[in-house]
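K.L.:
Quick one: structure below, then a few questions.
The values are calculated or read from the model by the stated rules, or taken from the named source; none is laboratory data. Bear in mind the structure is a predicted one, so any value in this text is a computation, not a measurement. FYI the Cβ positions are ideal-geometry reconstructions off the backbone, even for glycines, and counts take in every protein chain you see. Remember, those area values only see protein heavy atoms, side chains included, never the ligands or the DNA or RNA. Shrake-Rupley method; radii C 1.70, N 1.55, O 1.52, S 1.80 Å.
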Amino acid sequence: MTQEFIDDMTERFKKGKTLHKKYVYQIVIAVKKLVYDEPTMVEIDIPKDVELTVCGDTHGQYFDLMELFRLNGTPSEKHWYLFNGDFVDRGSWSTEIALLLYANKWLRPKSFFINRGNHETDDMNRAYGFEGECKAKYNERVFKLFSESFSALPLATLIGHKYFVLHGGLFSDDNITLDDIRKLDRHKQRQPGQAGLMMEMLWTDPQTEPGRGPSKRGVGMQFGPDVTKRFCEKNGLEAIIRSHEVRMAGYEEEHDGKCITIFSAPRYCDMTENRGAYINIGPDYKLRFSQFDAVPHPNIKPMVSPPARLASRAVVLTPVQAYANSSLMSSLM
Ligand SMILES: [Mn+2]
């Protein structure tokens, strides 16, 4: 992989062109190997002359990601990026975003990072467009390779022992520590399933009430400010940084500033009038939030299979299928 290749690919995608299949196979296979060998929780420190940008959900909104890079700078050895999951599904350019992120990961594995989100999973990709998009733009093998690579992605990143970054949020059990995440062998299960630590890391949401509550999604659960406070104190953290839910400002600091949501898909699904945001962190480990707005994009509809298809053949819905069928699907990630 070279920067020239990435620049060329970026321009091709802007013009609505695809990449030759042989390059797609090479990129996805190479990145699968790379991320498979990373720990379940990647631990990074920010060197003196480096800035790290943390991005939330991008959901196939390629032209908005281009706007983010235009405003904030493209990835380089001195400008690191961490994408906190949900870069595919819902938008019309999920393969473009996935390939661009992967090409960057291949070129600079130690300065470009990707966490898995609840949409880097087979169930979600079937219902929310990524599988269909892979088949429409490439072929089924491309989807299968992506699916394998998603299963290999790390589930969290720890920044300077201060910020715990993961897609969903905290856990149903107060005894879980960062050491349990370090020890979690994510390669034992390809999909997060309906219960357990991996599922909770990808699916949970914060709530304003103390304690824990049922999830409005039907998958995972919600955790209150006291849960976040205890987790941060116990693990010596400043805050957790998560994504997974749209916020009108693109970001929100909740739970006394200890639970930060970052969301990078402005005008989400062309339906919500939210801004997008990202966080820049330098060697001082202070968080600097930036917001940005959606830009125009070609009028191409997402390749979503109708959720009714799931209902028609499933007598008993799994929680994930129920979520896919719920009327909340347009307002949640
Ligand atoms: Mn999500």
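K.L.:
Between residues in segment 228-239 that are in contact (Cβ under 8 Å) with a residue 12 or more places away in the chain and residues that are outside any helix (DSSP H, G or I) and open to solvent by less than 10 Å² (accessible area, probe 1.4 Å), which pairs lie under 6 Å by C-beta distance while being six or more apart or on different chains?
P.N.:
THR228/CYS259; PHE231/LEU170; LEU237/PHE164; ALA239/ILE260
K.L.:
Here is a further query. ARG116 - would you say it is closer than 19 Å to ILE262 by Cβ and basic (Lys, Arg)?
P.N.:
So ARG116 fits the description; yes.
K.L.:
Out of all the residues in segment 76-100, which are open to solvent by less than 10 Å² (accessible area, probe 1.4 Å) and either more than 16 Å from the ligand (Cβ to nearest atom) or over 23 Å from ASP8 (Cβ atoms) (or both)?
P.N.:
Residues satisfying the conditions are TYR81, LEU82, ASN84, GLY85, ASP86, ASP89, SER92, THR95, GLU96, LEU99, LEU100.
K.L.:
Go through segment 204-220 and give me each residue that's under 16 Å from THR261 (Cα atoms) and either in contact with a helix residue (DSSP H, G or I) (Cβ under 9 Å, 6 or more places away or on another chain) or open to solvent by 40 Å² or more (accessible area, probe 1.4 Å) (or both).
P.N.:
Hits for segment 204-220 are PRO206, GLN207, THR208.
K.L.:
Mind checking whether some residue in segment 122-139 is among the aromatic types (Phe, Trp, Tyr), within 16 Å of the ligand (Cβ to nearest atom) and free of Cβ contacts under 8 Å to residues at least 40 places away in the same chain?
P.N.:
no
K.L.:
Now a separate question. Please give the helices (runs of 4 or more DSSP H) falling wholly within segment 173-268 in which 3 or more residues are away from the ligand (no atom under 15 Å from the Cβ).
P.N.:
178-183, 225-235
K.L.:
Further question: Restricting to segment 269-283, give me the number of residues that are within 16 Å of the ligand (Cβ to nearest atom) and either modelled with pLDDT under 95 or not small (Gly, Ala, Ser) (or both).
P.N.:
Of the residues in segment 269-283, 3 are within 16 Å of the ligand (Cβ to nearest atom) and either modelled with pLDDT under 95 or not small (Gly, Ala, Ser) (or both).
K.L.:
Mind checking which pairs have a first residue in segment 250-266 that is of a type in the set (A, V, I, L, M, F, W, C) and a second that is modelled with pLDDT under 95 and not in a strand (DSSP E or B), Cβ under 9 Å, 6 or more apart or different chains?
P.N.:
From residues that are of a type in the set (A, V, I, L, M, F, W, C), the pairs are PHE263/MET333; ALA265/MET333.
K.L.:
I've got another one for you. Here is a list of conditions, (1) within 17 Å of the chain's Cα centre (by Cα); (2) open to solvent by 20 Å² or more (accessible area, probe 1.4 Å); (3) of a type in the set (Lys, Arg), and LYS162 meets all of them except one; can you say which number that is?
P.N.:
Among (1) within 17 Å of the chain's Cα centre (by Cα); (2) open to solvent by 20 Å² or more (accessible area, probe 1.4 Å); (3) of a type in the set (Lys, Arg), the lone unmet condition for LYS162 is (1).
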